[in-house]
Amino acid sequence: MTDGAPVPILHEDPVSGNCYKIRLTAALLGMPIERREYDIMKGETRTPAFLSGVNANGRIPVLQVGTRFLPESNAACWYLADSSALVPADRFDRADMLRWMFFEQYNHEPNVATLRFWMHFVGRDKLTEFQRVQVEPKWMAGTAALKLMDQHLAANDWFVGSAVTLADVALFAYTHVCEDSGCFHLADYPAVRRWIARVEGLPDFVAMKD
Ligand SMILES: N[C@@H](CCC(=O)N[C@@H](CS)C(=O)NCC(=O)O)C(=O)O
């Protein structure tokens, strides 16, 4: 970091889109970041050491800055990008960026990302009954979120204003891999596809698997 703050450490599982948002933010800003890996499938974020020392909420990502720990992907992105070009200077645009980041956490991630986790990593035949009954409602809600994004992107290159912001970073993370679940098809969302290509074409873009 240029302000004398220590190099942040990202506690992550590399397959997680929430963690990837933070790596992508750092890459786009040219900021160094260290990485500590956990395997969520093995419960490594639920150990007493993790719960007492990293995040009492038992989840990654967590951004460690010195001795302080910041969970929640969008808060961590904000910490890195505050006062940068990824955050609009205009007050309304800044709030609008947050609007899309809240949308991502409420309408998009709990549906699109959760279905990716259940169907691709856990496996449909290993889902609990509780999870199984939620597949269809999550598919409907995820579809509604992707449709809304497509509608917005049909008329706009970026979610806010005329350049990439954290809203794009937050929404890109799970959208570009939404087909992993087998529930969503990007061909249904042509404007989203064009926007994905736009994000992937940004200087310093890093892929999820890098
Ligand atoms: N709202 C949180 C969601 C964090 C989250 O759900 N993390 C998942 C991986 S993407 C996790 O750690 N799961 C492991 C577990 O719950 O045990 C964020 O945006 O960071």
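The values are calculated or read from the model by the stated rules, or taken from the named source; none is laboratory data. From a predicted model like this one, the values you see are computed outputs, not experimental measurements. We work out accessible area using only protein heavy atoms, side chains counted, and drop any ligands, DNA or RNA first. Shrake-Rupley method; radii C 1.70, N 1.55, O 1.52, S 1.80 Å.
Ordered by 1.4 Å accessible area with all protein chains kept, W118, W195, W139 run largest first as W139, W118, W195. Restricting the calculation to Cα atoms, the chain yields a radius of gyration followed by a Dmax of 17.0, 50 Å. Once C-alpha pairs closer than 8 Å and six or more residues apart are averaged by separation and normalised to the residue number of segment 9-81, the relative contact order reads 37 percent. Here K147 is the anchor, and the aspartates and glutamates within straight C-alpha reach of less than 20 Å, apart from those fewer than 8 places off in the same chain, are D96, E104, E109, E136, D157, D168, E179, D180, D188. Gain on full extension, evaluated as 0.36 nm per residue between F121 and R198 minus their Cα-Cα distance, stands at 24.9 nm.
For segment 9-81, the share of DSSP beta bridges that are antiparallel, to the nearest 5, is 65%.
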